[in-house]
Number of protein chains: 2
Amino acid sequence: MSIQEIESTIRDIPDFPKKGIIFKDITPLLQSREIFAEVIEKLCEPYRENIPDYIVAVESRGFIFGSPMALSLGCGIVPVRKKGKLPYKTFEETYDLEYGTATVEMHVDALKPSDRVVVVDDLLATGGTAAAAVKLIERFSAEILGLEFLIELCFLKGRKALEKYRVSSLIKVD
Amino acid sequence: MSIQEIESTIRDIPDFPKKGIIFKDITPLLQSREIFAEVIEKLCEPYRENIPDYIVAVESRGFIFGSPMALSLGCGIVPVRKKGKLPYKTFEETYDLEYGTATVEMHVDALKPSDRVVVVDDLLATGGTAAAAVKLIERFSAEILGLEFLIELCFLKGRKALEKYRVSSLIKVD
């Protein structure tokens, strides 16, 4: 299956969540069992010979891709969640949005220094959330094998915020 | 692996999200690749001979279990999300909380009347969210094969809101 076939299942929704933004709607992709399975396979492929200890999955669409990757690779899952959702003691990272800030958290016992992880989210846009996830993981001194995204909005140059690491995306939007 | 072994990985967090509530923290369960894989296998088991067309996964911890179930069963995923998250036209259902209300949505093109689905979430508490998901699915006239939960807080009697359907849970908290 080609990347074009996968890309053809993503629906552009103009002016969502606000005027001028073209939102990439992945729900038609998720409805196709063949495309969904192929996407998970392609996202896992770089790690088949180098299985991580954990997929670090970013709330909430990152769970949709990260969790089946963990099942397929045979590793555990560690969630990165928005502030206030994780019930135990947490580390937190705050980052800038266009207007205001956002905060993400991980449990303080989520990782050990010897752990090797892959960060997963559906979308790489400005890279703010992913960079915050990376900072959280660095606090544990865990090793980041790479960051995997379904879609990359290349014009937002999110990779620049992640340049110390291997970053890959299946679908690149110029 | 026994249910007791799975249950032993769930951590009780007192007074979260507020005084008097004992929150069931599933993050240690997710950290164990063996336990996570076994949980997905057990949740899928009732449907191995009767594969649904879709897992209807409820945001956001429902994604963590529903999405790998879809991969394992070989079916698609349809998300139920909190109001304002889905970008296309939606149906919505509002339900009562202890204080106030909540609204969940599905895309209007998420299901067809011939579709057979399984609803998945991590927790069955009062059943409000699950009953709202059921009402949304009923609007499509799709068939609900069952509802699967990791944890059921039996003392909240959430099953009563779902009594037309097959409801099962791996871990029952009295």
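The values are calculated or read from the model by the stated rules, or taken from the named source; none is laboratory data. This one's a predicted model, so the numbers in the text were calculated from it and none came from an experiment. No Cβ is skipped: glycine too gets one built from the backbone with ideal geometry, and neighbour counts run over all protein chains shown. With ligands, DNA and RNA removed, areas are computed over all heavy atoms of the protein, side chains included. Shrake-Rupley method; radii C 1.70, N 1.55, O 1.52, S 1.80 Å.
Go through the residues of region A:149-165 one by one and say whether even a single one is open to solvent by 30 Å² or more (accessible area, probe 1.4 Å) and in contact with a Pro (Cβ under 9 Å, 6 or more places away or on another chain). Checking region A:149-165: not a single residue is open to solvent by 30 Å² or more (accessible area, probe 1.4 Å) and in contact with a Pro (Cβ under 9 Å, 6 or more places away or on another chain).
Of the helices (runs of 4 or more DSSP H) lying entirely inside region A:1-102, the ones with 1 or more residues being under 26 Å from A:Arg166 (Cα atoms) and open to solvent by 20 Å² or more (accessible area, probe 1.4 Å) are found at A:3-7, A:33-44, A:61-73. The sole residue among B:Val134, B:Val119 that is assigned to a strand (DSSP E or B), surrounded by 18 or more Cβ atoms within 10 Å (Cβ to Cβ) and not hydroxyl-bearing (Ser, Thr, Tyr) is B:Val119. Taken over region B:138-148, the criterion of being among the acidic types (Asp, Glu) and crowded, with 18+ Cβ neighbours inside 10 Å is satisfied by B:Glu148 alone. Within region B:147-174, residues that are more than 19 Å from B:Tyr54 (Cβ to Cβ) and outside any helix (DSSP H, G or I) have Cβ atoms under 6 Å from residues that are of a type in the set (S, T, N, Q) and open to solvent by less than 20 Å² (accessible area, probe 1.4 Å) in these pairs: B:Glu152/B:Ser169, counting only partners at least 6 apart in sequence or on another chain. For B:Tyr47, the stated conditions do not hold, so it cannot be described as at the interface with chain A (Cβ under 8 Å from one of its Cβ atoms), under 19 Å from the mean Cα position of the chain (by Cα) and touching a residue at least 60 places away in the same chain (Cβ under 8 Å). With respect to B:Ser8, determine if the residue is of a type in the set (Ser, Thr, Tyr), more than 10 Å from chain A (Cβ to nearest Cβ) and out of contact with any Cys (no Cβ under 7 Å at 6 or more places or on another chain). Yes; evaluated as a whole, the condition is true for this residue.
Would you mind stating whether B:Glu105 is out of contact with any Pro (no Cβ under 7 Å at 6 or more places or on another chain), more than 9 Å from every other protein chain (Cβ to nearest Cβ) and open to solvent by less than 50 Å² (accessible area, probe 1.4 Å)? Taking the combined requirement at face value, the residue satisfies it. Criterion applied to B:Pro68, B:Pro52, B:Pro28 was being farther than 17 Å from B:Val173 by Cα and within 7 Å of chain A (Cβ to nearest Cβ), and the one residue passing it is B:Pro68.
Take the conditions (1) over 17 Å from B:Met69 (Cα atoms); (2) at the interface with another protein chain (Cβ under 9 Å from one of its Cβ atoms); A:Gly74 misses just one of them, which is (1). Residues in region B:109-136 that are more than 17 Å from B:Phe63 (Cβ to Cβ), touching a residue at least 40 places away in the same chain (Cβ under 8 Å) and of a type in the set (A, V, I, L, M, F, W, C): B:Leu111 only.
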